[in-house]
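See below for the structure under consideration.
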Amino acid sequence: RLPFGLEVVGFAEEEGQRYKATFLGSGALTGHFDAAWLDQTDADGVTMREAMRAAGLPAAMEAIAALTRDPARYLGFVEVHIEQGPVLNELDLPLGVVTSINGSVRYLGEVVGMELDRICQARGLAHRVEETLRAAAAPSDTAWQRRWENAVAALGLPAHRMPSGAGHDAMKLHEVMPQAMLFVRGLNSGISHNPLESSTSDDIELAVRAFRHLLDQLGTCAS
């Protein structure tokens, strides 16, 4: 038995494909859900509020705000994820310890005519670029990263340290509590969010064993 509770959470809308908003689920848990998002419309003119209600959700800020977690009640957030890249596959390693999640900036661009500023000025055209995402890098918490390293080493594997090129909900949790991630090797050059995304059962088993070891470390430290 562990001297603390575990909360398992599944986030929705990490990438914001339908609307110009990202980290909707994790943003609700950290208290960063923007009420203005509810009035955004998709390509068919459906507002986020309407889409949420159609899915059986209340779509009210009171209900969303009620999801906010108190960081003081948490030791941290850990996540196991497919790498979404080719590094582990090329190194022939099943697991990787994430040192930091890369920051990113996303724009929605519209060009009326062709290329951009210089050509528009010369030809009397116009263009519009709207920033829809700006996320700072999220370094892994030192203590939690060390626990992942110990867990991987306990399996007799090298604790390969690597950054995450892709964004993750852990970036939002990073804003309010310690976080660290473990990567699992992906096949097919690490392609993800695609029918070709795949990992082996053996690699997944190693990730589960590493996670169990991480919990055992916490239990020992807290006892």
Original post:
Using the Cα gyration tensor of segment 105-223, with a ≥ b ≥ c the square roots of its eigenvalues, what is the shape: rounded (a/c below 1.5), prolate (a/b larger than b/c) or oblate (neither)?
Top reply: prolate
Original post:
Taking the Cα centre of segment 143-199 as the origin, how large is its charge dipole in debye, to the nearest 20, when only Lys and Arg (+1) and Asp and Glu (-1) carry charge on their Cβ atoms?
Top reply: 180
Original post:
If you take the beta carbon distance between Arg212 and Asn89 as r and set R0 to 25 Å, what does 1/(1 + (r/R0)^6) give as a FRET efficiency, to the nearest 0.05?
Top reply: 0.55
Subject >> Hydrodynamic radius by Kirkwood, which averages 1/r over all alpha carbon pairs of segment 163-223, in angstrom >> reply: 13.9
Subject >> Potential lengthening between Glu130 and Tyr107 on full extension [0.36 nm per residue; Cα-Cα distance subtracted] >> reply: 7.7 nm
**OP:** Would you mind telling me the antiparallel percentage of the DSSP bridges in the chain, rounded to 5?
**Re:** 60
**OP:** With only alpha-carbon atoms counted, please give the Rg and Dmax of segment 89-156, in Å.
**Re:** 21.8, 65
**OP:** Skip the ligands, DNA and RNA, and give the accessible area per residue of segment 102-164 with a 1.4 Å probe, whole Å².
**Re:** 65
Original post:
Assuming R0 = 22 Å, what is the FRET efficiency of Ala137 and His160, from their Cβ-Cβ distance, to the nearest 0.05?
Top reply: 0.70
Original post:
Taking the inverse of the average 1/r across all pairs of different Cα atoms in the chain, what Kirkwood radius in Å do you get?
Top reply: 19.8
Subject >> FRET efficiency, 1/(1 + (r/R0)^6) with R0 35 Å, evaluated for Ala72 and Thr200 via beta carbons >> reply: 0.35
Original post:
Which value in deg cm²/dmol, rounded to the nearest 500, describes the helix-derived mean residue ellipticity at 222 nm for the chain, given -39,500 (n - 2.57) per DSSP H run of n ≥ 4 and division by the residue count?
Top reply: -9000 deg cm²/dmol
Original post:
Please state the relative contact order of segment 22-104 as a whole percent: Cα pairs under 8 Å, 6+ residues apart?
Top reply: 24
**OP:** Could you rank Tyr107, Tyr74, Tyr19 by how accessible they are, 1.4 Å probe, largest area first?
**Re:** Tyr107, Tyr74, Tyr19
**OP:** Between the alpha-carbon centers of segment 131-158 and segment 7-55, tell me the distance in whole angstrom.
**Re:** 27
Original post:
Residues in segment 70-93 near a label at Ser189, defined as backbone nitrogen under 19 Å from the 7 Å Cα→Cβ point?
Top reply: 82-93
Subject >> Accessible surface of the chain, 1.4 Å probe, proportion on carbon and sulfur as whole % >> reply: 52
Subject >> Mean shadow area of segment 22-132 over all directions, Cα convex hull, nm² >> reply: 12.3
Original post:
Just the Cα atoms of segment 69-112, one point each, no solvent: what log10 I(q)/I(0) does Debye give at q = 0.17, 0.20, 0.31 Å⁻¹?
Top reply: -0.77, -0.86, -1.19
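The values are calculated or read from the model by the stated rules, or taken from the named source; none is laboratory data. Note that this is a predicted model, so its numbers are computed, not measured. All Cβ positions, even for glycine, are placed from backbone atoms using ideal geometry, and neighbour counts span all protein chains on display. These accessible areas exclude ligands, DNA and RNA; they are computed on the full protein's heavy atoms, side chains included. Shrake-Rupley method; radii C 1.70, N 1.55, O 1.52, S 1.80 Å.
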